1. Once you list every other residue whose beta carbon is under 15 Å from the beta carbon of Lys7, what net charge do they have if Lys and Arg are +1 and Asp and Glu are -1?
2. Can you check what the net charge comes to around Asp65, using other residues whose Cβ is under 11 Å from the Cβ of Asp65 (Lys, Arg +1; Asp, Glu -1)?
3. Any idea what the relative contact order of region 1-104 is, in percent, if you count C-alpha pairs under 8 Å spaced at least 6 apart?
4. Out of all DSSP beta bridges in the chain, what portion is antiparallel? Express it as a percent rounded to 5.
5. Hey, any idea what % of the chain's accessible area is carbon plus sulfur with a 1.4 Å probe?
6. Past 24 Å, Cα to Cα: identify those pairs from Lys35/Lys134; Lys25/Lys152; Lys31/Lys132; Lys7/Lys134; Lys21/Lys152, in the order given.
7. Output the relative contact order of the chain, whole-number percent, from Cα pairs under 8 angstrom with separation of 6+ residues.
8. At a probe size of 1.4 Å, how large is the accessible area of Lys21, to the nearest 10 Å²?
Amino acid sequence: MNTILHKPHVLMISEITADGKLTLKRGASSKILMKHMSHEAEILLHETRAAYDAIMVGSSTIKIDNSFLTVRMVPGKSPLRVIPSSMADLPLDANVLDTSTVPTVVAVSAAAPKDRVAALQEKGVSVVVAGKEKVDLPLLMDILYREFSVRKLIIEGGPTLNWHMLHHHLVDEIRLIHLPFIVGGNDTPSLVGGMHIDSEDQMIRLELSGTRMVGTNLITEYRVL
């Protein structure tokens, strides 16, 4: 793990069902469940985006959801969009690659094919190399801090990005928007994926910092210890 020279304050935010799931099933878009958030919770999500310098999701989320990652429901500037994609294999028609109104940074590894990198740059995307074979997230945090003046970063990631960010001790706060549903499924994506832990010593410990109702949704907030 690289030494972190600088890093922004990182908030992980996610909608989540009562049984901890992010989608209906593996490969399904999270937008299906997000449709069931209260309007007030949707407003909160967009207010949060407007208050942050940058927003990051993983490449799998882009491929499945084709998100815009913009501020739409409230006044405010859309944050810089950041997508880690080790091999630069994002669909070139992805909404986040339209940089006509909102800038996008794609973080790649040194192993990314040069033609894919060039295609992203032709779209107006800022491509940064962070890591040899895979994107080095601590290094990416340093690059975002130093080169893009990102002081506050929000993650709306899937289970893989969430796990890697937590594993590298890069997350400061977690905010969960609880949906009153149970969807089940052994392989349905949950908030955090990654590897199994071997003992309770490896658990990522949280401190509850707040709870509130926003519309019909319970919001819980945690500090990562």
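The values are calculated or read from the model by the stated rules, or taken from the named source; none is laboratory data. Not measured: the values here are computed from a predicted model. Every residue, glycine among them, receives a Cβ derived from its backbone with ideal geometry; neighbour counts consider all protein chains shown. Remember, those area values only see protein heavy atoms, side chains included, never the ligands or the DNA or RNA. Shrake-Rupley method; radii C 1.70, N 1.55, O 1.52, S 1.80 Å.
1. Surrounding charge for Lys7 is -3.
2. Once positives and negatives cancel, what remains is +1.
3. Reported relative contact order: 22 percent.
4. Details: 15 of 40 bridges.
Of those bridges, close to 40 percent are antiparallel.
5. 53 percent
6. Those over the limit are Lys35/Lys134; Lys25/Lys152; Lys31/Lys132; Lys21/Lys152.
7. After rounding, I find 31 percent.
8. The accessible area comes out at roughly 30 Å².
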